[in-house]
Amino acid sequence: MKRKIKEPPIMDVIGARVKDRPPRAQRSRLDDDDKLVIIWGLSRGWSAEKIARALPASGGTVKNFKAKILDDPGVVFELPVLVQSGPRSHDCQVCGEVRGSRLKGMRHVLAHIMPFEMARDIPLGDVEKPL
Ligand SMILES: [Zn+2]
């Protein structure tokens, strides 16, 4: 019998993109789904070239977005990567783990896509938006 492996929540959004690789309409700008594919790729340790093939987009486009994230990690949280599911539950969409505060959740998400030391030390206080 085939065992079904539980997939992280992000796969509800980009699973078909990552697995089936449908042709992407030629656009100069990345949309949110494209950016989620990049974040997913970075979390898996994919090279910019591999991510670019998955989109598809140019390697330069991927590298530009990666540079933007390192310059201003707040752009990551304009995407649905962290979902509040309760007063003290913030669900990481990349892996499905839950953190007790938004700030801890944000650092957790960043740790998927950049070295832990960087994710730990990035100031995030001004990123939080009142809902
Ligand atoms: Zn996670």
Original post:
How big is the charge dipole of the chain about its Cα centre, in debye rounded to the nearest 20, if each Lys and Arg gets +1 on its Cβ and each Asp and Glu gets -1 on its Cβ?
Top reply: 580 debye
**OP:** Normalising by the residue count of region 62-131, find the relative contact order in percent from Cα pairs under 8 Å and 6+ residues apart.
**Re:** 19 percent
Subject >> Taking all pairs of distinct alpha-carbon atoms in the chain, Kirkwood radius in angstrom >> reply: 15.4 Å
Original post:
aspartates and glutamates near Lys66 by alpha-carbon distance under 19 Å, same-chain residues fewer than 8 away left out - which ones?
Top reply: Asp31, Asp32, Asp33, Asp34, Glu49, Glu78, Glu117, Asp121
Original post:
When the Karplus curve 6.51 cos²θ - 1.76 cosθ + 1.60 is applied with θ = phi - 60°, which whole-Hz ³J(HN,Hα) does each residue of region 71-78 get, with x for Gly and Pro?
Top reply: 6, 9, x, x, 4, 4, 8, 7
**OP:** With runs of 4+ DSSP H residues as the only contributors, calculate the mean residue ellipticity of the chain at 222 nm using -39,500 (n - 2.57) per run, divided by the residue total and rounded to the nearest 500.
**Re:** -13500 deg cm²/dmol
**OP:** For Lys6, go through the aspartates and glutamates and keep the ones whose alpha-carbon is under 18 Å away, minus same-chain ones fewer than eight residues off.
**Re:** Asp91, Glu97
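FYI, it's all coordinate maths here, none of it is from the lab. Bear in mind that the values here come from a model prediction, so they are computed numbers and not experimental data. We place every Cβ from the backbone using ideal geometry, glycine too, and count neighbours over all the protein chains shown.
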